[in-house]
Amino acid sequence: MTEFLTGIDHIQIAAPPQSEEQAREFYGNLLGMEEIPKPENLQARGGCWFKCGAQEVHIGVQADFTPAKKAHPGFTVHALEQLKSRLETAGFEISEEPPIAGRARFFTHDPFGNRIEFLEFD
């Protein structure tokens with residue numbers, strides 16, 4: 001039991017400068033996350049924020065960006081196969097890893113090369 005932590009508010013995913021429209025297309029239009037406004041005092045930094053269930057996904061601009069190849073968020077979904085098909089149709093490569101008991105899953109990369117996992121629990 002943790003003495004202090006109560007949950008996760010958000011995750012931040014790094015992206016290169018001038019990538020906000022690609023982020024909106026992938027995280028917003030393709031994955032269906034709702035874009036939410038960044039606080040006014042943070043808008044000059046670039047990037048964009050999305051709602052994902054009760055949590056948020058922050059796409060943060062990083063000048064010396066290098067994509068995360070191992071570290072990744074794992075998003076829970078329903079209709080995993082339909083999402084996989086949607087991503088493949090949009091030109092994203094899908095990779096399957098060894099299964100984990102009780103969940104189906106696959107990986108892809110966002111438009112910036114960051115590794116992303118999608119899971120559906122039995």
Worksheet entry | Only Lys, Arg (+1) and Asp, Glu (-1) charged, at Cβ; the chain dipole about Cα centre in debye | 140
Response to the item:
Using the Kirkwood formula on alpha carbons, the hydrodynamic radius of the chain in angstrom works out to 15.4
Practice prompt. Note the full-extension length gain between residue 101 and residue 22 as 0.36 nm times their separation in residues minus their Cα-Cα distance, in nm to one decimal.
Written response: 25.0 nm
Worksheet entry | Gain in span if fully extended, residue 56 to residue 70, counting 0.36 nm per residue against the direct Cα distance | 3.0 nm
Worksheet, complete the sentence: Fewest to most Cβ atoms within 10 Å: 45, 24, 103 sort as 45, 103, 24
Practice prompt. Using the number of other C-beta atoms within 10 angstrom as an exposure proxy, rank 65, 4 with the fewest first.
Written response: 4, 65
Response to the item:
the chain: relative contact order from alpha carbon pairs under 8 Å, six or more residues apart, as a whole percent, is 25
Worksheet item: Can you give the helix-only mean residue ellipticity at 222 nm for the chain, where every DSSP H stretch with n ≥ 4 adds -39500 (n - 2.57) and the sum goes over all residues, rounded to the nearest 500 deg cm²/dmol?
Response: -3000 deg cm²/dmol
Fill in: Under-5 Å amide H pairs with residue 119, H placed in peptide plane, nonlocal only
75, 76, 77
Worksheet item: Once the Cβ-Cβ distance between residue 88 and residue 9 is put in as r, and R0 is 35 Å, what FRET efficiency do you end up with, to the nearest 0.05?
Response: 0.65
Response to the item:
Taking 0.36 nm per residue of separation between residue 78 and residue 44 and subtracting their Cα-Cα distance, the length gained on full extension comes to 8.7 nm
Worksheet entry | Dipole axis of the chain (+1 Lys, Arg; -1 Asp, Glu on Cβ), positive-most option in 17, 39, 89 | 17
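Rule-based calculations on the coordinates, nothing more; no lab input. Every value quoted in this text rests on a predicted model; they were computed, and no experiment measured them. Here Cβ is always computed from backbone atoms with ideal geometry, including for glycine, and neighbour counts include all displayed protein chains.
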